[in-house]
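Let me begin by presenting the structure, written as structure tokens, before commenting on it.
The values are calculated or read from the model by the stated rules, or taken from the named source; none is laboratory data. What you are looking at is a predicted structure, and each value in this text was computed from that prediction instead of being measured. When we count neighbours, we look across all protein chains shown, and the Cβ atoms used for this are built from the backbone with ideal geometry, even at glycine. These accessible areas exclude ligands, DNA and RNA; they are computed on the full protein's heavy atoms, side chains included. Shrake-Rupley method; radii C 1.70, N 1.55, O 1.52, S 1.80 Å.
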Amino acid sequence: MQRICIVGPGRVGGALAIALSRAGYDIATLVVRDRERVSSIIGELPRSTQIVSEREAVYNSPNIVLLTVPDTEIASVAERLACKID
């Protein structure tokens with residue numbers, strides 16, 4: 001099964017998380033700035049999905065990492081993510 005980590009689950013990331021979960025993918029981790037902003041999608045995901053801040057994020061060998069952050073933040077988020085994975 002493909003393990004997926006979604007960084008920045010806003011409108012697009014949240015919709016992807018729900019759709020991929022319903023399609024049978026393991027949404028392992030949502031990396032968020034504000035846990036309150038994802039409260040509307042939590043009930044749609046398995047209880048095993050971890051909701052963590054970027055500081056708390058531990059990437060447990062996801063097969064796929066989706067960056068669903070604003071375009072202006074992609075480079076900086078990707079750079080910080082690369083440092084955590086190395």
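Per residue, the chain exposes 66 Å² of accessible surface when a 1.4 Å probe is rolled over the protein heavy atoms with every protein chain present.
The modelled label-to-label distance between residue 82 and residue 65, using points 7 Å beyond Cα along the C-beta direction, is 1.0 nm. Seen against the Cα atoms of the chain and their longest principal axis, helix 74-85 is set at about 90 degrees.
Short-range pairs are left out: with C-alpha atoms under 8 Å and at least six residues apart, the relative contact order of segment 28-74 is 43 percent. Zone of residue 50 (label point 7 Å along Cα→Cβ, backbone N under 14 Å): which residues in segment 1-37? Inside the label zone: 3-7, 27-32.
Where (1) 62; (2) 53; (3) 46 are the candidate values, the label of the one calculated here for percent of Cα pairs over 16 Å apart is (3).
Against the main long axis of the alpha-carbon atoms of the chain, helix 11-22 sits at an angle near 50°.
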